[in-house]
């Protein structure tokens, strides 16, 4: 079963994890039954691979818990390795990226090198290079990286928009996997 192939996510408050979830969820999709992804990795729920195995079935609630835990781990990885100050939006794009490629690839990337050297725009522009899986360029991955790049750059252009009542502006991320 697939849940949420196309969505428009509204996030109020601008928290990094909320923005990251709005980026990740539509691209990963949610499947309650385990499956092998495009390169043969067993996956369940919303891109969860750590404990996925053939024949698993999870509840929607369990999938939400796994996504929250996995995004938290990706955020912790980003926070461990990013030394240069960045906005929540830029950080959320990097969380989505790290969630997808893993902490090791994130840590060894030119993207992180550029970011920690203060070249945030250059770091964001590295995202479209990460569109290969199993040695093949994947169209869906190219679209995801374009979305992550835009959110990353939006974090530079408008790091926070605050209404007069003190609430951070409503952010709408339209994603079309």
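The values are calculated or read from the model by the stated rules, or taken from the named source; none is laboratory data. It should be emphasised that the depicted structure is a prediction, and the values quoted were computed from it without experimental measurement. All Cβ positions, even for glycine, are placed from backbone atoms using ideal geometry, and neighbour counts span all protein chains on display.
Residue 24 meets all of the listed conditions (1) surrounded by 19 or more Cβ atoms within 10 Å (Cβ to Cβ); (2) modelled with pLDDT under 50; (3) within 19 Å of residue 65 (Cα to Cα) but one, namely (2).
State all residues of the stretch 40-62 that are under 16 Å from the mean Cα position of the chain (by Cα) and either loosely packed, with under 13 Cβ neighbours inside 10 Å or outside any strand (DSSP E or B) (or both); if no residue qualifies, say none. Those that are under 16 Å from the mean Cα position of the chain (by Cα) and either loosely packed, with under 13 Cβ neighbours inside 10 Å or outside any strand (DSSP E or B) (or both): 46, 47, 49.
Assess whether residue 82 counts as being in contact with a helix residue (DSSP H, G or I) (Cβ under 7 Å, 6 or more places away or on another chain) and in contact (Cβ under 8 Å) with a residue 12 or more places away in the chain. The answer is yes for residue 82.
Report, by residue number, each residue of the stretch 90-104 that is closer than 23 Å to residue 18 by Cα, without any contact (Cβ under 8 Å) to a residue 40 or more places away in the chain and surrounded by fewer than 23 Cβ atoms within 10 Å (Cβ to Cβ). 101, 102, 103 - these are the residues of the stretch 90-104 that are closer than 23 Å to residue 18 by Cα, without any contact (Cβ under 8 Å) to a residue 40 or more places away in the chain and surrounded by fewer than 23 Cβ atoms within 10 Å (Cβ to Cβ). With respect to (1) within 14 Å of residue 101 (Cα to Cα); (2) in contact (Cβ under 8 Å) with a residue 24 or more places away in the chain, the lone exception for residue 131 is condition (2).
Being at pLDDT 95 or above, over 24 Å from residue 39 (Cβ atoms) and loosely packed, with under 15 Cβ neighbours inside 10 Å is the requirement here; does residue 113 meet it?
Working: at pLDDT 95 or above: yes; over 24 Å from residue 39 (Cβ atoms): yes; loosely packed, with under 15 Cβ neighbours inside 10 Å: yes.
Against the criterion (at pLDDT 95 or above, over 24 Å from residue 39 (Cβ atoms) and loosely packed, with under 15 Cβ neighbours inside 10 Å), residue 113 qualifies.
Scanning the stretch 118-138 for residues that are over 16 Å from residue 106 (Cβ atoms), at pLDDT 95 or above and assigned to a strand (DSSP E or B) gives a single hit, 137. The number of residues in the stretch 47-79 that are closer than 23 Å to residue 111 by Cβ and in contact with a helix residue (DSSP H, G or I) (Cβ under 6 Å, 6 or more places away or on another chain) comes to 6.
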